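First the structure, in the form of C-alpha cells, and then the observations on it.
The values are calculated or read from the model by the stated rules, or taken from the named source; none is laboratory data. Keep in mind it's a predicted model, so treat the numbers as computed, not measured. Neighbour counts run over all protein chains shown; Cβ positions are idealised from the backbone, glycine included.
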Ligand SMILES: Nc1ncnc2c1ncn2[C@@H]1O[C@H](COP(=O)(O)OP(=O)(O)OP(=O)(O)O)[C@@H](O)[C@H]1O
Ligand SMILES: Nc1ncnc2c1ncn2[C@@H]1O[C@H](COP(=O)(O)OP(=O)(O)OP(=O)(O)O)[C@@H](O)[C@H]1O
Ligand SMILES: [Mg+2]
Ligand SMILES: [Mg+2]
C-alpha cells in the first residue's frame, strides 16, 4: 500500500474541513478523529471508484453515509475494515491498524456472511473467542445481549432455516456482541420488519451513544440516516467525492417525534437537495 | 401435492370474504380473482408456517403484503410461483397452473438469483427465450425496457462486478422484460438508492396499472406498501393468518403528495395498529 | 431426513441390476461361459471362499491395508491441501508434481517404492497412501482455492487469525469438495492396494487372490474376488456418503 | 488477469524442485545408481529416444489413445452425470455400480474388456474411456446434486423447461466440479492407457516402453518414459486449468 | 537362527523351496528363511540389487545376466532350470479345434499371442523364423499377459500362441487348447532336441555371499537337497498345491523343469547355457555379450 502522504503524516498541521475535494495537499488529522483516510485510491478494472479520497471519521459518533448505488459505500467500508486492498493512500485508526481494533460489521450481503454450519446462537457467539476474554465474561456478554434483544427468535436453528430478516438480525447481534470500538452497518435494516426496525433504532442509539462507539451507517432511507446520525456524509457518483458532510445535533434519544421537528425536516431536505443535485449531474 | 378440496373446487359456491380463518369449509373463488389459495398448509420440520390458509388475489391489482419477519411471506410467494412444494391445499391461477402463467419474480435474495456467468444484459434478456417470441419481438422488448429505464448502468458487466443495488436493479429489469401476467416483488427496493426507489415506484405504477398486471409486493416500508397498493394484506405471526385485508382506492398515479392525504395517513395508521397488535400478541 | 424402506433399499437395486445384467449376458452366451461364469457360480465360489475361511482372511488383509493407507493419506493430505490451497503461489509451484504423479500409474511407481520401503507390507501401504494422498490433496486444495470469499472475510473482520479462518471457515466452506476427495482417495487406495497385492508379491489379500485365480484360470473365484473388492469399495464410499449427509447438512442451501 | 514473468514461470519451479530432489538422491547414492539413474542420464535417454524417433512415436500413440478415450468418456459421462445428478433417486440406484467400478482396478477389468472388445486398439481405449467416464460421471453428478438451488428455481420461474434448467443453470453452477472431474478423468485415462499398454499386448506407446525398459533393466530409458508420461499428464491438466480460469470467471465470488 | 529373505515366484520351479521349507530342512541347518512372494522378475532383480532380498528361487537367466552385464557382482545362479521337450515349459499351442498339426501349419495370417517381454516374443519369433515362416505374411504375433492366454484362445481372438506352463496344462485340461510343439528353444535355437534351455534358475546375491559366506553355503546345501527331492520324489508335488495355490489335480500334472545345481552342470550344459545367453544378447535383452561362467557359482 503505497502512500504519497507519508511525509505529511509526520507533520502537525491542523486539519482543514473534513473531507471535500482536496487540492492535492494532504492534511493531518483533526483532534477527535478516530479513522483518518488520506489519498485513498481504488479502481476495479477500468472503473476508478476512489481517486485520492480524504475523510475523517470522528470518534464515538454515528456517521451516516448516503450515496447513490454503486458509488462505493460498501467498497469504502471494506477498505477501512482491512478486507479489501486498495491501490494507494492510507487509513489510520488513531495509530492502530484495523486488525488491532475491535470491529463489528453487518455486511450488506448478510446472507453470505453468516456461517451455515453453525446454529444462529453459535454464529453470534463466534467472534467472542477472539477477544481474549475468560469463559465467564464471554457468557456474561452473551447473556447481556440476549437480554437486551429479548428475541422471540429460535436461535437454535441454522441460518438456512431462517427467513431473510431473521438472518439479518443474527448478523446484527453478532456484530454487537463484541461491544465493538468501531461498528460498520451496511444497510443493516434492509430486510427487517417495521417493528424490529423501530426497536433496533432505539437500542442502537442507546448503546452507541452510551459506549461511544464510532459508527458508520450506510442507509438508503434518508429518514433513518438523518435520525441516527451525528454526521450525514453525502457521497457523489463515481469517481466518488464527499459532496457534503452535514451535522445533526438534535438531542438523543431521538424518536419518531424527532422526525417532525423543524431541524430534522430542514436537514433532511438540504441533504436531499444535495443528493439529487449530485446524482443528476 | 395432496388436495382435500378437489371436490369442492368443482362446485360453484360464491366466495365469502377473502382470506380469514376458515371453519374447514372450502370456498369457491370470487369473480375477479386471479390467484385462489385454498386450504394451504406448509410446515418446515416442526414449524407450522401455514395451516389451512385461504387467500384470493385479485386480478390486475397490486396487493401489498405486510407482515413480521419470518411469518412466511417469501414462503407464500414461492409456493404460489410453484417452486416450493406444500403439504396440502391448492393454488389456482384462473384455471391455469403456475407453469402456464408468465411470471416475473424479484427474489428477496436477489444476489443469488442472477446468473454470475452471464453479463447483466444477458441476464435481463434470458427469460425472453421462453415466451415463444420471434427474434424481432424479443429485441423490441429489450429496447422498450432499456428506453423505459434509461439506465446509466454499464450492463456489459458481470453481476459480481456490481454493487448490491445494481444487482437488484438487474433483477427487477429481468422480471419486467417478459411483461408478466403475474409479478412477485419480494422486498424489491431494499438495496436501491433514494432516487432509484422514487423512479421505480413511478414506473411500476404506470406499467402495472396500464397492463393490468396482478402484483404481489412484499415490503417492510409501510409507506411504500400502502402507496403502491390496491389491497394491503396484513399477516400475523406464525402460524400465519390474514389479520386483515385493507383496500386503498386513492387515484393513480400516486406520488409523494399522496402520502400526505388524510386517506393515506388514516389507512397507514390503521394498518400499523393492526400490525402492531398482531406482532405483540 | 426420514427415509422409508423403498428409499433405503434403493442402492440394492443397483446391485441387483448389475447382477441381472451379468446373469443376462451369461444366459445369452454373448460371452463364452468359460470366460464369464454365471453370478451363481461366482456366488458359490464366494461362499466357498468364505466358508473355507481363506476369502475372509484375504478380505480382512485388504481392508486393513486400505484403511491404513487411507488414514495416512488423510492425515497428510488434508492439512497440506488446506495450506496449499490457501497459498495459491506455493500451490502453483507444486502443481506440477501433483499432476505429474496423479497421471503416472502406481505400477510404474512400484520400483521406486520398493527401493525406498523394501519388499514388505510397508511398500504396499506407502504406494497406496501416496496415490490416495494425491487425490485428496488435489481436491482439498481445489476446494479451498475455489471457496467463496465472503465468509472468510467476515471471519477476518471478527478478528480471527489467518489459520483460524482456514480451519473454521475455508475448510468448512470447501467441505463438499473435501468429501469428494476422500471418496476418490479411498477408492484409489483400494485400487492400488489390490494392484500391489497382484504385482508386488503377497501371500494374502484380494489382489493376490485375483491374480492366483487368473493364473490357474479359476474364473468363478476370480470374479468372486473382484466382486468382493468392488463391494468393499462401495461400502467404504457409503460410509463417507452417509457421513457427508449428516455432517454437511447445509449443502446446496 | 495479467501475470508477470515470475508468476508464469512458477510451475517450472515445481518441476525444477522435483528434478533437484531426484538429482540429490542420486548424488548421495541413497538409492543404488543402477536402480535410480541420474536425471541427466534419463534426460540423455529421453533425448536419444526423441532423436532416434522411437520415443516420439510412442509418445504420439499414447497421446492419441488418451485423448480418444477421454473424449469418449466426456461425451458419455457429462450428459449422463447431469441427468443422474438431477434425478437423485436414479443416481442412488446406480451409485452402487459407479462406486463398485471406481474401486476396482482397471487391470482386473482387462480380461472382461478383452473378451468384449478383442485384442486390438479398441480394448485399450474402451478400458481407459470406462475408467475416465466413471471419474467424470461421479464428479459431475456430485456437482449437480450439491449445486445451490436458488438459481435453478429462478430459471424455473422464468419458464425454463426442466432440461434447460439443467443445461443453462445447474451445469454452470456445478462447473468447478465438472472441471475437477475432467482433470481427474484425463489423468485416469492416461494412467489406464499406460497400464493397458504395459499389460495388454501392445507394440507401441509409453506403457510398453516402460515395461520393456524395466524388463531389460534399462533404467534411464524407463525413467525417461515415466517422466514423459507424467509430463504429458501435467500438460493435459494444464489445458483444463487454463480453460477453467478463462471460463469459470465467476468462481469463488 | 540366521535370517534369510528369499524371493519366490509361485511356479513349479519353486518346488525345491517349498519342500525344504515344509520339511523343516532350513531349520535343521539353522536357517530362518522368510518367503517373499514376487510375481514380477524385474522387481525381483531390483529387490536383489537393493538388498531387500538375499536371493530368489527362480529368476529368468536373461534378466539375471543382463543385470550382471550392467553391474558386475550383483548375483550368482546356484542352480539352473533347463527346459526342453521332456521338461516342458515353453511351447506353442493352438485352439483345440485348429487344423494346425505342426509349426509349419502356422500359415495364412495365423494369429498368435506370445508370453510377454522381449525375451519371450523374441524367442518365439526366432523359432518361427527357423521353421521358415515369415512374420506378417504367414503369421502375426502379439504379446499378451499369460493370465489372458486361455481367454484369448477361447474367445477366438487368436488361433494359437507361444505360452508357458502351467497355462498350457490348464488349456489342455479344459480342452480349450492343444499342444503343437514343446521345448522349441532347445530344438530350434540351441539346435538339439535334448539340449537344455536354461531359462531360469535360483540365485543368491553377491552381497549376501560375500557378507555371510557360511550362511550362503548352508543355504545352498539345503537347496541342493530340495532339488534332488523334487526330481526324485513325486510325492513332493503336493507342496505345490499350497505354495502355488493350484488345485491338486493340476499339481500332479504340471511339468517341472530340469533343475540342475551349478556343481552338476555338464560341459554340454555349460555350452547350452552360453548359447542361450548369446541368443539373449542377440535379441537385445542382454546389454552385451556375457560369459555364462561368470554368472554361476558352485557352492
Ligand atoms: N469485484 C468487482 N469488480 C469490478 N467492479 C466492482 C467490483 N466490486 C464493485 N465494483 C464496482 O465498484 C463500484 C462500487 O461498488 P460498491 O459495492 O462499493 O457500491 P455501493 O456504494 O455499496 O452500492 P450499493 O448502494 O448498491 O450497495 C460499483 O460501481 C461496482 O460496479
Ligand atoms: N428451509 C427451511 N427450513 C426450516 N425452516 C424454514 C425454512 N425456510 C423457511 N423456514 C421458516 O419458515 C418461516 C417463514 O420464512 P419466510 O422466509 O417465508 O419468511 P418471510 O415472511 O419471508 O420473512 P422475512 O420478512 O424475514 O423475509 C420462518 O420462520 C423460517 O424460520
Ligand atoms: Mg453496497
Ligand atoms: Mg422473506
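Quick notes on this structure:
- Search result, residues across segment B:187-220 that are within 16 Å of ligand 3 (Cβ to nearest atom), crowded, with 21+ Cβ neighbours inside 10 Å and not in a loop (DSSP other than H, G, I, E, B): B:194, B:196
- Answer from B:126, B:105, B:158 - the residue that is within 25 Å of residue D:173 (Cβ to Cβ), more than 12 Å from chain A (Cβ to nearest Cβ) and surrounded by fewer than 23 Cβ atoms within 10 Å (Cβ to Cβ): B:126
- Qualifying residue in segment A:163-185 (condition: within 16 Å of ligand 2 (Cβ to nearest atom), buried (at least 18 other Cβ atoms within 10 Å of the Cβ), modelled with pLDDT under 95 and in a loop (DSSP other than H, G, I, E, B)): yes
- Contacts under 6 angstrom Cβ, first residue in segment A:142-162 being touching a residue at least 40 places away in the same chain (Cβ under 8 Å), partner part of a helix (DSSP H, G or I) and away from ligand 3 (no atom under 16 Å from the Cβ), 6 or more apart: A:159/A:167
- Residue in segment A:56-76 that is under 28 Å from residue D:253 (Cα atoms), away from chain B (no Cβ under 14 Å), within 14 Å of the chain's Cα centre (by Cα) and part of a helix (DSSP H, G or I) present: no
- Helices (runs of 4 or more DSSP H) contained entirely in segment C:1-99, each with at least 2 residues that are out of contact with any helix residue (DSSP H, G or I) (no Cβ under 7 Å at 6 or more places or on another chain), at pLDDT 85 or above and within 14 Å of another protein chain (Cβ to nearest Cβ): C:10-28, C:54-86
- Condition met for residue A:211 (more than 16 Å from ligand 4 (Cβ to nearest atom) and modelled with pLDDT under 95): yes
- Highlighted here are the strands (runs of 3 or more DSSP E) found entirely within segment E:27-104 that include at least 2 residues which are more than 22 Å from residue E:15 (Cβ to Cβ): E:91-95.
- Test: residue in segment B:252-259 that is crowded, with 17+ Cβ neighbours inside 10 Å and touching a strand residue (DSSP E or B) at 6+ places or on another chain (Cβ under 7 Å): no
- Residue within segment D:169-190 that is away from chain E (no Cβ under 14 Å), touching a residue at least 40 places away in the same chain (Cβ under 8 Å) and not in a helix (DSSP H, G or I) present: yes
- Summed over segment A:35-49, residues that are within 14 Å of chain B (Cβ to nearest Cβ) and either surrounded by 17 or more Cβ atoms within 10 Å (Cβ to Cβ) or touching a residue at least 40 places away in the same chain (Cβ under 8 Å) (or both) total 5.
- Residue selected from segment B:144-155 under the condition away from chain A (no Cβ under 12 Å) and within 25 Å of the chain's Cα centre (by Cα), by the criterion farthest from ligand 3 (Cβ to nearest atom): B:144
- For the criterion of being touching a helix residue (DSSP H, G or I) at 6+ places or on another chain (Cβ under 6 Å), within 14 Å of chain A (Cβ to nearest Cβ) and at negative phi, residue C:155 passes.
- Residue A:89 fulfils the conditions (1) closer than 17 Å to residue A:36 by Cα; (2) within 16 Å of ligand 4 (Cβ to nearest atom) except for a single criterion, (2).
- Single match in B:139, B:94 (criterion: more than 16 Å from ligand 4 (Cβ to nearest atom), surrounded by fewer than 19 Cβ atoms within 10 Å (Cβ to Cβ) and either closer than 30 Å to residue B:160 by Cα or without any contact (Cβ under 8 Å) to a residue 24 or more places away in the chain (or both)): B:139
- Failed item, numbered, when residue B:99 is tested on (1) loosely packed, with under 15 Cβ neighbours inside 10 Å; (2) more than 9 Å from every other protein chain (Cβ to nearest Cβ): (2)
- Given (1) in contact with a helix residue (DSSP H, G or I) (Cβ under 6 Å, 6 or more places away or on another chain); (2) part of a helix (DSSP H, G or I); (3) more than 10 Å from chain D (Cβ to nearest Cβ), index of the condition residue C:239 fails: (1)
- The set of residues from segment A:161-180 being touching a strand residue (DSSP E or B) at 6+ places or on another chain (Cβ under 8 Å) and within 11 Å of chain B (Cβ to nearest Cβ) comprises A:161, A:168.
- Taking segment A:227-240 as the range and being under 12 Å from residue A:65 (Cβ atoms) and more than 16 Å from ligand 3 (Cβ to nearest atom) as the test, the residues that pass are A:228, A:229, A:231, A:232.
- Counting only strands (runs of 3 or more DSSP E) that sit completely within segment E:119-207, those holding 3 or more residues that are within 28 Å of residue D:120 (Cα to Cα) and at the interface with another protein chain (Cβ under 10 Å from one of its Cβ atoms) correspond to E:139-143.
- Boolean, residue E:44 is more than 11 Å from every other protein chain (Cβ to nearest Cβ), at pLDDT below 90 and in contact with a strand residue (DSSP E or B) (Cβ under 6 Å, 6 or more places away or on another chain): no
- Filter pass, residue E:93 being away from chain D (no Cβ under 14 Å), over 30 Å from residue E:220 (Cα atoms) and buried (at least 24 other Cβ atoms within 10 Å of the Cβ): yes
- Scope segment D:235-253; condition under 13 Å from residue D:177 (Cα atoms) and crowded, with 17+ Cβ neighbours inside 10 Å; matching residues: D:240, D:241, D:244, D:248, D:251
- Screening residue E:36 with (1) closer than 21 Å to residue E:206 by Cα; (2) crowded, with 22+ Cβ neighbours inside 10 Å; (3) more than 14 Å from chain C (Cβ to nearest Cβ); (4) touching a strand residue (DSSP E or B) at 6+ places or on another chain (Cβ under 6 Å) gives one miss only, at (3).
- Any hit, segment E:51-61, residues being away from chain C (no Cβ under 14 Å) and either farther than 28 Å from residue E:250 by Cβ or in contact (Cβ under 8 Å) with a residue 12 or more places away in the chain (or both): yes
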